[in-house]
1. Search region 64-121 for residues being hydroxyl-bearing (S, T, Y) and in a helix (DSSP H, G or I), and hand back the single one that is surrounded by the fewest Cβ atoms within 10 Å (Cβ to Cβ).
2. How many residues are farther than 27 Å from F122 by Cβ and among the aliphatic types (A, V, I, L, M) when one looks only at region 38-83?
3. Out of everything in region 122-138 that is over 14 Å from M69 (Cα atoms) and either in contact with a Leu (Cβ under 9 Å, 6 or more places away or on another chain) or not in a helix (DSSP H, G or I) (or both), what residue ends up being modelled with the lowest pLDDT?
4. In region 1-18, what residues are outside any helix (DSSP H, G or I) and of a type in the set (S, T, Y)?
5. Looking at region 30-52, is at least one residue under 30 Å from E135 (Cα atoms) and acidic (D, E)?
6. Which of (1) outside any helix (DSSP H, G or I); (2) touching a strand residue (DSSP E or B) at 6+ places or on another chain (Cβ under 9 Å) is the odd one out, the single condition I21 does not satisfy?
7. Test V41 against the criterion of being closer than 30 Å to D115 by Cβ and either part of a strand (DSSP E or B) or out of contact with any Phe, Trp or Tyr (no Cβ under 6 Å at 6 or more places or on another chain) (or both), and give yes or no.
8. Would you confirm, using the coordinates I've provided, whether D58 is within 30 Å of V111 (Cα to Cα), out of contact with any Ser or Thr (no Cβ under 9 Å at 6 or more places or on another chain) and in the same structural domain as K117 (by TED's automatic domain parsing)?
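The values are calculated or read from the model by the stated rules, or taken from the named source; none is laboratory data. Remember, it's a predicted structure, so these values are computed and weren't measured experimentally. Please note: Cβ atoms are built from the backbone with ideal geometry, for glycine as well, and neighbour counts cover all protein chains shown.
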Amino acid sequence: MSELDKTDRRILQILQGNARITNKELSSQLGLSPPPTLERVKKLENAGFIKGYTAILDPEKIELGTTMMVSVTLHQHSQKSIDEFHRAVSSLTEVMECYHVTGEDDFLLKVVCKDIKEYESFVRDTVNFLAYIAEPIRAERRKLGTWVLIYLLVFLIIARMLKKQIWKDVK
């Protein structure tokens, strides 16, 4: 199975929105009977288009209400150092995602913690002791606050521009 037809793409779209949908509901939305729908889903799974099904958790209810993005720079850029860093980060339960990026930094980590205090402790006591880190990461709230403020201002400017455009369209 190398190419996806329109129905396969629709199945993927529906499952991305609700992976818990029953086969009967899915087949109804597709306008097919349940057996061929199930067969198509199984083919998509076997071909690797569907890698798994995931539950989206409420971070606050599981006491992980703080999400931070951490930029990391390595002092070496050999394949060995990158592999070792990635292996070490993969074992940290606080790290949800790890991206190898271009630019000034080498990696961007998505970290979840209970609160800012726990985040600061995680960075200070864990991340800064990983192999190949170029310089200690400072858990500075001020720096994040500046970026949040910039994003908020940009959002407000765009929202105001859109509101004016929409208002012109209504008049």
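1. Step by step, filter region 64-121, then rank; the result is S90.
2. Adding up the residues that qualify gives 5.
3. P136
4. Residue satisfying the conditions is S2 alone.
5. no
6. Checking I21 against (1) outside any helix (DSSP H, G or I); (2) touching a strand residue (DSSP E or B) at 6+ places or on another chain (Cβ under 9 Å), the one that fails is (2).
7. no
8. no
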